[in-house]
Amino acid sequence: MTRLGLMVLPVAFFAVFFAYPVAAIVGRGLKVDGAWQLGRIGEVLAQSDIRHVLWFTTWQALASTALTLLIALPGAYVFARFDFPGRQVLRAVVTVPFVLPTVVVGTAFLALVGRGGLLDDLWGVRLDTTVWAILLAHVFFNYAVVVRTVGGLWAQLDPRQEEAARMLGASRLRAWRKVTLPALAPAVAAAALMVFLFTFTSFGVVQILGGPTFSTLEVEIYRQTSEVFDLSTAAVLTIVQFVAVGAILAVHAWTVRRRETALRLVDPSATARRPRGVGQGALLAGVLVSVLLLLVLPLAVLVQRSLDSPDFGYYRALTHDDGGTFLVPPIAAIGNSLEYAVAATAIAVVVGGLAAAALTRRDAGRLVRGFDALLMLPLGVSAVTVGFGFLISLDKPPLDLRSSWILVPLAQALVGVPFVVRTMLPVLRAVDGRLREAAAVLGASPWRVWREVDLPLVRRALLIAAGFAFAVSLGEFGATVFIARPDNPTLPVAVARLLSRPGDLNYGQAMALSTILMVVCAVALLVLERLRTDRTGEF
Amino acid sequence: MNTKKYCAVLVGLGLVTLSACGSGSDGSSGSDSKTVTLVSHDSWAVSKSVLKDFEKQSGYTVKVLKDGDAGQAVNKAILTKDNPQGDVFFGVDNTLLSRALDNGLFQSYDAKGSATVKPAYRVDETKHRVTPIDTGDICVNYDKAYFSKHKLTPPTSFADLVKPEYKNLLVTENAATSSPGLGFLLGSAAQFGDGGTSRSSEAENGGGWQAYWKKLKANGVKVVDGWEQAYDQEFSGSAGGKKAGGDRPLVVSYASSPPAEVIYGDPKPTTAPTGVSYGTCFRQTEYAGLLSNAENTKGGKAFIDFLLTRKFQEDMPLNMFVYPVIEGATVPAEFTKYGPQAKDPETMAPAKIAADRDQWVKSWTSLVLK
């Protein structure tokens, strides 16, 4: 009963701000005179260019996932098991890309591999409009997902188990294969599925780096809705993506549950040690070099471009109202972004916290487990679908929010909630119910039990969840760009608009704003690193 | 027990947050009759003083909602037409006009001053659902320095572009995603006819725009997604392209691009570094209309009247790099000197565009991009 009570608000939130708008836009495309035109699904899927899009979407996601695992798994090991100076800072740095808006990442990669980019200047190599630029950008984005998901668990695996196997005569490989790998496999699978999900639904990266030839499902939905205005094709594609994402999430939920099976976990600080020997030194060096080349270099190019004018000219230009692009000086976007992100964080923490509380018990029924997967859906549904859905569905009393500023934080909270749930859930599940019972037996009121038992245990996780929701909201682009008001742009929206205007000054300002956004995200993440003691969260 | 409390507290908190947010909104747009809300695309721009004068004279406050690029803005306006976000929409062009009209986006209003509009730009003259506001020509631009260095005459027509001496020189935009890209495709269709429909005679003898584009592709045309990329990255003649190392001396842009190179030049050049191939032009006209279900129709009408005043018409060129549509409006000297309007541009009736656009873009995509 109480669990259902807890779920009232999250369910209402998702029904009103996700399911209803998405259903409205899909209905607009597929309903003629009140009747569903389901025959359209077959028609659309029979088109060769649509099948081409589906095929490209799938194979680039598979390739991106494989490449990410290949490059990031050694990183996960190094971050988990090695102790080296600057580890904490570097862990925050590799997470920065994950929360950066895709438009910024796309631009950074263009500056690196595009015309007049670093590689072009040095060796005349250009990768833009090739699939390689897309794949590398996907690795850049998702490196942190693997390092955090797999590395987090790896750090807590008791190394003595493997040592015991060695002692009993197993070879190093055999010990690793029989002891570590089985323990790690569900985490690797979960990470791979998340990377697959994020790259399957990739939008900004493909749009900016892919040129006119490459198109993922998500880009195609955008084109069909926003440019071709073929709402029925867009609706069919939305449904296809919905089904695919639902399947990915179901498998993900299954692997997550398997990961929660009893493992002997230890304090991560006890497992990390300084690298020993040539082999380990080389591994560490290799990981550091790959991080430098793939993650730090694109970010550094952004910063360098933003400073490519004497006396911080591009930064100073941000404070002037240019009269054309915005109705406010671009610098005002920082204030807007922070305000929106705070509101979005508050909403995400309340909704996500309640949902996590409802999902806490392991013996939760099928219904509740389904809800768990449902909460992740906004991560995989086209932002343009949500954005257009908001426009056409939230426009009548009592929910006439279309011209209200709250629309932006609501859309951002939709992507923030899954992170809150995934961070809070493991911690809440770890709270021993007997502690609460003991407190109650000793005469504490329920409120006091919550304050004295639960709160101290989950406070840290709550802060981390809030921090992640904040960073993700700050970087949210796809839906925000549809609903942000022109006189109240957020940082990513301002960057995109500056980029779409010709001239050095606009480009330089875009780089300067991106750098500011990057620094804000990095600071938020560094604070989180300091807070994080246990690594049980999934992100 | 305890979870119940949890729940109550958190739900309470959530409701407080949500309701606080609700009351924080600043009300719906244009609800008072003293505000006129204009919905437009990102390129909308006007001198502050000119807009202030209108506000002072009419007593209305103007609110502007820039809603994405031209296509997006029209599509969003159509999706929200039952409960529009504003009173007036500006920026639907002849390539999208039928989509707007067929979807009932506008209500009739015969603007004061519609008689001063040059006859060539007038449309929908029986119902007056839209008012022409500005016009421009989508044409191939060339890099003067490249052609004088290589002692080559710049191309002057569509047919020239497929000649071997211009191999690998042209960059254009994706017709599916860019309005100059679509304009260039429509221009070629107006010139060569539609060879794709099975009934047409061109199809039988292999003519039409499809055959032209096949030759253009064989001649090394490069296609990029948007105008910014084509003009500021790939084109060798623009200030941005020079800096980016662009190596294509021919680009699909506007007749008003050379004046822009002069006006925004730093330092200001004595002559335009680029020229226009006038035989490759397609005429684009932008319209404004009073939105159906607008809240402030009176204010909206006054604003459309304002768009046709000489003051606004003469203010447009330097703000949006377009030409006026009314008789007797003067344009800046740079425009007449470096980028006059095409004398005989390709044109196409909006109804024809509406009938064939989507199919053409589709076959163009598979012909040129795949």
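Counting only residues that are small (Gly, Ala, Ser) and within 14 Å of A:Gly204 (Cα to Cα), which one in region A:128-151 is surrounded by the most Cβ atoms within 10 Å (Cβ to Cβ)?
We begin by selecting, within region A:128-151, every residue small (Gly, Ala, Ser); these are A:133, A:137, A:144, A:151.
Okay, now just the ones that are also within 14 Å of A:Gly204 (Cα to Cα), so A:133, A:137.
On the way: A:Ala133: 26, A:Ala137: 31.
Going through the qualifying residues, I end up with A:Ala137.
Looking at region B:161-190, which of the residues that are among the aliphatic types (A, V, I, L, M) and within 14 Å of chain A (Cβ to nearest Cβ) is nearest to A:Glu220 (Cα to Cα)?
Once the filter is applied, the top-ranked residue is B:Ala176.
Checking the condition assigned to a loop (DSSP other than H, G, I, E, B), modelled with pLDDT under 90 and not aliphatic (A, V, I, L, M), which residue from B:Lys151, B:Lys81 passes?
One residue alone meets the criteria, B:Lys81.
When you scan region A:95-103, do you find a residue that is more than 14 Å from every other protein chain (Cβ to nearest Cβ) and touching a Pro at 6+ places or on another chain (Cβ under 7 Å), even just one? Show your work before the answer.
Step one: list which residues in region A:95-103 are more than 14 Å from every other protein chain (Cβ to nearest Cβ), which gives A:95-102.
Going one step further and asking which of them are touching a Pro at 6+ places or on another chain (Cβ under 7 Å), we end up with A:101.
For region A:95-103, residues more than 14 Å from every other protein chain (Cβ to nearest Cβ) and touching a Pro at 6+ places or on another chain (Cβ under 7 Å): present.
Find the residue count for region A:435-453, including only residues that are of a type in the set (Gly, Ala, Ser), part of a helix (DSSP H, G or I) and surrounded by 14 or more Cβ atoms within 10 Å (Cβ to Cβ). Step through it out loud before you land on a result.
Going through region A:435-453, the residues of a type in the set (Gly, Ala, Ser) turn out to be A:438-440, A:443-445.
Going one step further and asking which of them are part of a helix (DSSP H, G or I), we end up with A:438-440.
Those left that are additionally surrounded by 14 or more Cβ atoms within 10 Å (Cβ to Cβ): A:439-440.
So the count comes out to 2.
Within region A:460-481, is there a residue that is over 24 Å from A:Val420 (Cα atoms) and of a type in the set (S, T, N, Q)?
No; the residues of region A:460-481 include none that is over 24 Å from A:Val420 (Cα atoms) and of a type in the set (S, T, N, Q).
Checking the conditions here, which among B:Tyr60, B:Tyr121 is at pLDDT 90 or above, farther than 30 Å from B:Ala176 by Cβ and aromatic (Phe, Trp, Tyr)?
Going through B:Tyr60, B:Tyr121 in turn, the sole match is B:Tyr60.
Does at least one position in region B:93-104 carry a residue that is outside any loop (DSSP other than H, G, I, E, B) and within 20 Å of B:Thr297 (Cβ to Cβ)?
So far as region B:93-104 goes, yes, one or more of its residues are outside any loop (DSSP other than H, G, I, E, B) and within 20 Å of B:Thr297 (Cβ to Cβ).
I'd like to check something: does region A:466-483 contain any residue that is farther than 30 Å from A:Gly204 by Cα and more than 14 Å from chain B (Cβ to nearest Cβ)?
Just the residues of region A:466-483 that are farther than 30 Å from A:Gly204 by Cα, to begin with: none.
Checked against the condition, which is being farther than 30 Å from A:Gly204 by Cα and more than 14 Å from chain B (Cβ to nearest Cβ), region A:466-483 yields no hits at all.
Please verify whether A:Leu184 is buried (at least 24 other Cβ atoms within 10 Å of the Cβ), more than 30 Å from A:Val495 (Cα to Cα), in contact (Cβ under 8 Å) with a residue 24 or more places away in the chain and among the hydrophobic types (A, V, I, L, M, F, W, C), treating the condition exactly as stated.
no
For region A:118-156, give me the residue count where each residue is outside any helix (DSSP H, G or I) and touching a residue at least 60 places away in the same chain (Cβ under 8 Å). Break it down into steps so the answer makes sense when it comes.
From region A:118-156, those outside any helix (DSSP H, G or I) are A:124-130, A:155-156; that's our starting set.
Subsequent filtering for residues that are touching a residue at least 60 places away in the same chain (Cβ under 8 Å) retains A:128-129, A:155-156.
Counting residues in region A:118-156 that are outside any helix (DSSP H, G or I) and touching a residue at least 60 places away in the same chain (Cβ under 8 Å) gives 4.
Take the residues of region A:467-484 that are crowded, with 23+ Cβ neighbours inside 10 Å and of a type in the set (Gly, Ala, Ser): which is farthest from the chain's Cα centre (by Cα)?
A:Ala484
Can you tell me which residue among A:Leu491, A:Leu410, A:Leu442 is more than 13 Å from chain B (Cβ to nearest Cβ), touching a helix residue (DSSP H, G or I) at 6+ places or on another chain (Cβ under 6 Å) and modelled with pLDDT of 80 or more?
So the residue among A:Leu491, A:Leu410, A:Leu442 that is more than 13 Å from chain B (Cβ to nearest Cβ), touching a helix residue (DSSP H, G or I) at 6+ places or on another chain (Cβ under 6 Å) and modelled with pLDDT of 80 or more is A:Leu491.
Is there a residue being under 30 Å from A:Phe84 (Cα atoms), in a helix (DSSP H, G or I) and at pLDDT below 90 anywhere in region A:303-321?
Yes, because at least one residue in region A:303-321 is under 30 Å from A:Phe84 (Cα atoms), in a helix (DSSP H, G or I) and at pLDDT below 90.
What tally of residues in region B:339-370 results from selecting those that are among the charged types (D, E, K, R), crowded, with 19+ Cβ neighbours inside 10 Å and over 28 Å from B:Asp143 (Cβ atoms)?
Filtering region B:339-370 for residues among the charged types (D, E, K, R) gives B:343-344, B:346, B:352, B:356-358, B:362, B:370.
Filter once more, keeping what is crowded, with 19+ Cβ neighbours inside 10 Å: B:346, B:357.
Adding the requirement that they be over 28 Å from B:Asp143 (Cβ atoms) leaves B:357.
The qualifying residues number 1.
Go through (1) closer than 30 Å to A:Leu294 by Cβ; (2) assigned by TED's automatic domain parsing to the domain that holds A:Gly416; (3) among the basic types (Lys, Arg) one by one and return the number of the condition A:Arg91 breaks.
(2)
Among the residues of region A:510-523, write down those that are small (Gly, Ala, Ser) and buried (at least 20 other Cβ atoms within 10 Å of the Cβ). Steps first, please.
Step one: list which residues in region A:510-523 are small (Gly, Ala, Ser), which gives A:510, A:512, A:514, A:522.
Of everything in region A:510-523, those that are small (Gly, Ala, Ser) and buried (at least 20 other Cβ atoms within 10 Å of the Cβ) turn out to be A:Ala510, A:Ala512, A:Ser514.
Working only within region A:385-397, note down all residues that are in contact (Cβ under 8 Å) with a residue 60 or more places away in the chain and closer than 15 Å to B:Thr80 by Cβ.
A:Gly387, A:Phe388, A:Gly389, A:Phe390, A:Leu391, A:Ile392, A:Ser393, A:Leu394
Any idea which residue in region B:72-118 is farthest from the other protein chains (Cβ to nearest Cβ), counting only those that are surrounded by fewer than 16 Cβ atoms within 10 Å (Cβ to Cβ) and more than 25 Å from B:Leu182 (Cβ to Cβ)?
My answer is B:Ala115.
Of the residues that sit in region B:312-370 and are in a strand (DSSP E or B) and in contact with a Leu (Cβ under 8 Å, 6 or more places away or on another chain), which one is farthest from B:Ala218 (Cα to Cα)?
B:Ile326
For residues that are without any contact (Cβ under 8 Å) to a residue 60 or more places away in the chain, within 30 Å of A:Glu220 (Cβ to Cβ) and either within 14 Å of chain A (Cβ to nearest Cβ) or more than 20 Å from the chain's Cα centre (by Cα) (or both), tally how many sit in region B:320-361.
Adding up the residues that qualify gives 1.
Among the residues of region B:219-249 satisfying the criterion of being without any contact (Cβ under 8 Å) to a residue 12 or more places away in the chain and more than 9 Å from chain A (Cβ to nearest Cβ), which is farthest from B:Gly183 (Cα to Cα)?
Among those that are without any contact (Cβ under 8 Å) to a residue 12 or more places away in the chain and more than 9 Å from chain A (Cβ to nearest Cβ), it is B:Lys242.
The values are calculated or read from the model by the stated rules, or taken from the named source; none is laboratory data. Remember, predicted model here, so these are calculated numbers, not experimental data. Neighbour counts run over all protein chains shown; Cβ positions are idealised from the backbone, glycine included.
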